[in-house]
Amino acid sequence: MSLSVTLRDVSLRYGAEAALTGIDLDLEAGKIYGLLGRNGAGKTSLLSLVAAFRKPSTGRILVGGEPVWENASVVSRVALIREGGDFDDTETVKATIESGSIRPSFDTEYAYKLADRFELPLKKRVSALSRGKRSVLAAVCGLAARADLTMFDEVHLGMDAPTRDAFYKELLAEYLERPHTVVLSTHLIDEVANYLEEVVIVDRGRILQHADIEAFQGMGATLTGPAAAVDALGLDALAEQRLGGTKSITVASALDADTRERAAAAGIEIGPVGLQDLFIHLTDPNRNGA
Amino acid sequence: MTAPALATRRYGLGAGLAGAALNYFKYWMLAAAVLCFAVPLLIAQYAGIELSAWYYAVNAGKWFTAFVGGGFVFTLLPQMIAAGLTRRELAAAMGVFGVLWSLALGAVGLAGLFAERAYYGAFGWSQGIDATSGIAPIGSAADTAAFAAYLPLLFLAYFAAGTVIGVASYRWEHAGWLLLVPVLPVVFGLDVALYSTEPVGPGWIGFLGRFIDEWGRGPLAAAIVLATAVLAVAARRLLIDVPLRSKQA
């Protein structure tokens, strides 16, 4: 059974420093969410609260409709996998995998299958693993947790591109086989964009945007065509690329009918905005209202 | 895992930790036993044997027990919370672990004292301890049993002391270890007072024992029970809302 997440007026302070302020957030059960934010925006703090790794300074956090803090029947169904994993480095990979069985839903057989697939050396100590293999071990433990709410916090950062791709595919396969709630916190936005159903953007300790992926893609557009024609539209570009006489620009506002007509007449193709470009725009410190 | 199984997993975890720790350290204990029986044999070639070597091993075991309590909780805390355990469950598991570990080491301590008693008897050596008033023989078999009967309690006191310091060290990364300052003299002092001797370790730490060593074993045992309970409550209190540290990038 998937778990929903509800945060109401949640704040978190580290001493005098506010990490999160006035967070109200609802995540429906059974969806894949992307949690995006710049470094220090509060993504990890937010996930730590949802997983009861920390207690909020103020506010209420419900997971599956119940308070999550010190609630064994809830936290046993929630998995937050942090980059590098929360492991005893002196243990072997095998012992680390087996220690996961403290979680009721942990699937040890599946974990070993994944370990074999990702070529994890079972006899090696965790401290002797490369950053990439350590990330893989964390991901394996996260997938095999078979939790009803699984959150990956930059877990895949240490992995190389083929391993990341295999991880995303395994994550999706596991999600399709056993619908549950997934939150992916990442900086590799374009890599995961196709897997996400909804996106939450955290900026400076607050929720900046929360919408489904189509709504985000409709917040802007990508226009590709002859450079002169693109320039003639006079749009404010977030990002631009040029290849010979062809130019592609990203804009952060929906195009009105007139602009669309002029673009079409000039042979310009209009596509959805890239999530990463939009994210960069939305979290630009110099942007008004951000 | 069903709801009842979830409700009792803390006890299973505690028992599992005790079993795993005893299994992990079994060769250490075996090595200590071999040394305790071999070293007197060597020394006997040059001098008389009046002191129980096993008693030194048991005392080293008390410090070791403190390290086990502190080390395990320090290491397990992030791992277990991340694996979906609550802090209360971990506190209960550590309690079960401490009791089982202390009972097991107490039993090993008792068995070793009796084995040593027979061993020393076969060679005509005296099995004594280095008491404050000089070397004191442990005494008859009944005296030996009475002497060893307090060992599980003492192991538990050291385990609780180590656990408090372990949790505090996790909770307050740079300052938690300072709890050593109030905790160690109390536990060590009670140990000193109970046997009117200086256990293995820096003798000055047990200075508090000098003020209470006339109380008799009953009141001192009660004081050790009280100190252990206070330490267990303190460890639980420190654990119950400890935040997991942020991971270093």
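The values are calculated or read from the model by the stated rules, or taken from the named source; none is laboratory data. Worth saying up front: this structure is predicted, and the values here are computed from it rather than measured. For neighbour counting, all protein chains shown are included, and Cβ atoms are generated from backbone atoms with ideal geometry for every residue, glycine included. Just the protein is used for accessible areas: all its heavy atoms, side chains included, with ligands, DNA and RNA removed. Shrake-Rupley method; radii C 1.70, N 1.55, O 1.52, S 1.80 Å.
Could you tell me the relative contact order of chain A? Use alpha-carbon pairs under 8 Å, at least six residues apart, and round to a whole percent.
Values: 576 pairs, mean separation 57.5, N = 290.
Relative contact order for chain A comes out at 20 percent.
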How large are Rg and Dmax for chain A when calculated on the C-alpha trace, in angstrom?
21.2, 66
For A:Lys123, give me every one of the aspartates and glutamates with a C-alpha distance below 16 angstrom, ignoring sequence neighbours fewer than eight places off in its own chain.
A:Asp88, A:Asp89, A:Glu91, A:Glu98
Please compute how much accessible surface disappears when A pairs with B, both sides summed, using a 1.4 Å probe, and round it to the nearest 100 Å².
2100 Å²
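Per residue and in cubic angstrom, what volume does the convex hull of the Cα atoms of region B:118-249 have?
Numbers: hull volume 18.6 nm³, N = 132.
Hull volume normalised by residue count: 141 Å³.
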Can you list residues whose amide H is under 5 Å from B:Gly128's amide H, if they're 5+ apart or on another chain and H is modeled 1.01 Å from N?
B:Leu51, B:Ser52, B:Ile138
Based solely on C-alpha atoms, express the radius of gyration and the Dmax of the protein assembly as shown in angstrom.
30.7, 111
Considering region A:90-160, what Rg and Dmax in Å follow from its alpha-carbon atoms?
11.3, 31
Checking buried surface per residue: for region A:79-127, which residues lose a minimum of 40 Å² accessible area in the protein assembly relative to the chain alone (1.4 Å probe)?
A:Arg82, A:Asp86, A:Asp88, A:Ile102, A:Arg103, A:Pro104
Taking H placed 1.01 Å from N in the peptide plane, check which residues at least 5 places from A:Leu36 or on another chain put their amide H under 5 Å from its amide H.
A:Val200, A:Ile201, A:Val202
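What are the GluC sites (Glu not before Pro) within region A:42-126 that DSSP puts in a loop, where the Cβ has at most 10 other Cβ atoms within 10 Å? Write out the running numbers ahead of the final one.
Numbers: sites: A:Glu70, A:Glu83, A:Glu91, A:Glu98, A:Glu109, A:Glu119; in loops: A:Glu70, A:Glu83, A:Glu91, A:Glu119.
Here the GluC sites (Glu not before Pro) that fit, given the DSSP loop and packing criteria, are A:Glu119.
So what's region A:220-272 giving for Rg/Rh, alpha carbon basis, Kirkwood Rh from the mean inverse pair distance? Intermediate values should be presented prior to the final figure.
Details: Rg = 9.6 Å, Rh = 10.6 Å.
Checking Rg against Rh, the ratio lands at 0.91.
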Report, in whole Å, the centroid distance computed from the Cα atoms of region A:186-239 and region B:34-56.
78 Å
Please work out the Cα center distance from region A:161-177 to region A:3-52, rounded to the nearest Å.
24 Å
Give me, ordered by chain and number, the residues 5 or more places off A:Leu238 or on other chains with an amide H under 5 Å from its own placed amide H.
A:Thr250, A:Val251, A:Ala252
Rolling a 1.4 Å sphere over the protein heavy atoms, what is the accessible area per residue of region A:220-272, to the nearest Å²?
56 Å²
Please list 3J(HN,Hα) in residue order for region B:112-127, calculated via the Karplus relation 6.51 cos²θ - 1.76 cosθ + 1.60 where θ = phi - 60°; whole Hz, with x for glycine and proline.
x, 4, 6, 5, 5, 4, 5, 4, 5, x, 5, 9, x, 8, 9, 9
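Dividing the alpha-carbon Rg of region A:52-132 by 2.2 N^0.38 Å yields what?
Values: Rg = 15.4 Å, N = 81, 2.2 N^0.38 = 11.7 Å.
Against the empirical 2.2 N^0.38 Å value, I get 1.32 for region A:52-132.
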Please tell me which of these pairs span more than 22 angstrom C-alpha to C-alpha: A:Lys43/A:Lys94; A:Lys133/B:Lys26; A:Lys31/A:Lys169; A:Lys113/A:Lys133?
A:Lys43/A:Lys94; A:Lys133/B:Lys26
Buried by at least 40 Å² relative to the chain on its own: which residues of region B:46-87 qualify, computing accessible area with a 1.4 Å probe on protein heavy atoms?
B:Gln79, B:Ala82, B:Ala83, B:Gly84, B:Thr86, B:Arg87
Which ³J(HN,Hα) values in Hz, rounded to whole numbers, follow from the phi angles of region A:136-149 under the Karplus curve 6.51 cos²θ - 1.76 cosθ + 1.60, where θ = phi - 60° and Gly and Pro get x?
4, 4, 4, 5, 4, 5, x, 5, 6, 4, 6, 6, 7, 9
When averaged across all projection directions, what area in nm² does the alpha-carbon convex hull of region B:1-96 cover?
7.3 nm²
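Excluding ligands, DNA and RNA, what is the solvent-accessible area per residue of region A:26-93 at a probe of 1.4 Å, expressed in Å²? Don't skip to the end; give the middle numbers.
Numbers: 2300 Å² over 68 residues.
It amounts to 34 Å² per residue over region A:26-93.
Counting heavy atoms of the protein chains only and a 1.4 Å probe, report the per residue accessible area for region B:11-240 as a whole number of Å².
On the way: 10040 Å² over 230 residues.
Averaged over the residues of region B:11-240, the accessible area is 44 Å².
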Rounded to whole Hz, the Karplus (6.51, -1.76, 1.60) HN-Hα couplings of region B:202-212, x for glycine and proline:
x, x, 5, 5, x, 4, 5, x, 5, 8, 10
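With the cut-off at 15 Å, report for region B:140-217 the share of all Cα pairs above it, as a whole percent. Walk me through the numbers on the way to the answer.
Details: 1824 of 3003 pairs.
Considering region B:140-217, 61 percent of its Cα-Cα pairs are separated by more than 15 Å.
Would you kindly give the portion of the calculated P(r) for region B:118-172 that falls above 16 Å, as a percent of all Cα pairs? Numbers along the way, then the final one.
Values: 935 of 1485 pairs.
Cα-Cα pairs in region B:118-172 separated by more than 16 Å: 63 percent.
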From the C-alpha gyration tensor of chain B, pull out the three semi-axes of the equivalent ellipsoid (sqrt of 5λ each), sorted largest to smallest, in whole Å.
35, 20, 16
In whole percent, how big is the carbon plus sulfur part of the accessible area of the protein assembly as shown, probe 1.4 Å, protein atoms only?
60 percent
